Ligand code: GLC
């Protein structure tokens, strides 16, 4: 089997799932100014230590998170086991800088994997390649390290090989101690800190051996500026899927041979990943639904982020949005799961998704008069409103000789499902 075929096989279920929950959570929930707070405010290990000493998420109840994800129609989740600040939510034997040594006093990753699996949601682990706490990670002169211009760090004896050993050991722990891991999400590469600098081939070989069915993102190889991993025969560390961040690619993602690649757009619900108390710029449920539909219509997944607060709670605004998304998914998820790009161009009134001979019309603009599906005359066996399963009668208008299409009567002037009305069209072939 070629790399391409192997990847297609490995990512099949992942691509059918289409919708996941990203969870950014760590010590940075306490300052509540984002997970990059150490970078933006140049905070030293010493000054950041207060959050470690305080970390006590008394309302952490991952079962509630899992139930929310489930209700929203999400099929998998990805939790930050370690972010760039280096703090580990899991009980690693290779560091003291971990949740078990804070007032939380326990392995929060274990509770997460157990809770999500218990409600039938697949588990993913985010792991930061970058580590601003580790003494062997380049600090002074690095582009993004909090101590990048702190003279006191100049000439610090860093042994990068030590860091690589540490990082590989932790990935081994995550792949050994928590059962089956469905997604491994590495973040991220920049400048020459990419690919073999992470000893990425070795790392992936280990991971594939320990977790043969795990799906892996592309950020061990790809940096924020290049298109590494899009080669027709990419290096093994190119991973399984592309990870556009905060944008949806205009035509999906294809490799250099023009073949579609698995991809997943990750997106914040407000303007930050980690909890930011003042950021109330939340997207609406309709925004999220339309993003999800757009991703699926281009053959991709959507990973929507939540940033739980210092007490371990998902912000109530996020909960409200995801619950509304869940109501729509309850009625319309057939147009999402297992679906991908349609064999039709983007229609003027919305988008198409498709699974086999089922074509899903996501109608955002009702237009006027009878509703017309261009180029489908004589090709539709059956049409129904997905929200309630009711049949929609196809008809041929008397005056349609010069206007080809399949027509249905959508009835009222308003769309029956304002967030996105879905018509299921069962095609003849
Ligand atoms: C990044 C950021 C980050 C966030 C992530 C999510 O590159 O560094 O904080 O975790 O992308 O995709």
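Key figures for this structure:
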item: Pair list, Cβ under 6 Å, 6 or more apart: the range 251-262 residue assigned to a strand (DSSP E or B), other residue surrounded by fewer than 16 Cβ atoms within 10 Å (Cβ to Cβ); result: 260/254
item: Residue within the range 152-171 that is on the phi > 0 side of the Ramachandran plot, away from the ligand (no atom under 16 Å from the Cβ), touching a residue at least 60 places away in the same chain (Cβ under 8 Å) and under 26 Å from the mean Cα position of the chain (by Cα) present; result: no
item: The range 229-248 - residue that is assigned to a loop (DSSP other than H, G, I, E, B) and within 15 Å of the ligand (Cβ to nearest atom) and, of those, farthest from the chain's Cα centre (by Cα); result: 239
item: Number of positions in the range 127-144 that are within 16 Å of the ligand (Cβ to nearest atom) and farther than 27 Å from residue 175 by Cα; result: 3
item: Qualifying position, being in contact with a strand residue (DSSP E or B) (Cβ under 9 Å, 6 or more places away or on another chain) and at pLDDT below 95, among 329, 344; result: 344
item: The range 38-62 residues that are on the phi > 0 side of the Ramachandran plot and part of a loop (DSSP other than H, G, I, E, B), paired with ones that are surrounded by 14 or more Cβ atoms within 10 Å (Cβ to Cβ) and modelled with pLDDT of 95 or more (beta carbon under 9 Å, 6 or more apart); result: 42/146; 42/147; 42/148; 42/150
item: Hits in the range 1-33 - residues which are over 12 Å from the mean Cα position of the chain (by Cα), within 14 Å of the ligand (Cβ to nearest atom) and part of a loop (DSSP other than H, G, I, E, B); result: 25, 26
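The values are calculated or read from the model by the stated rules, or taken from the named source; none is laboratory data. From a predicted model like this one, the values you see are computed outputs, not experimental measurements. So basically every Cβ, Gly included, is an ideal-geometry build from the backbone, and we count neighbours across all protein chains shown.
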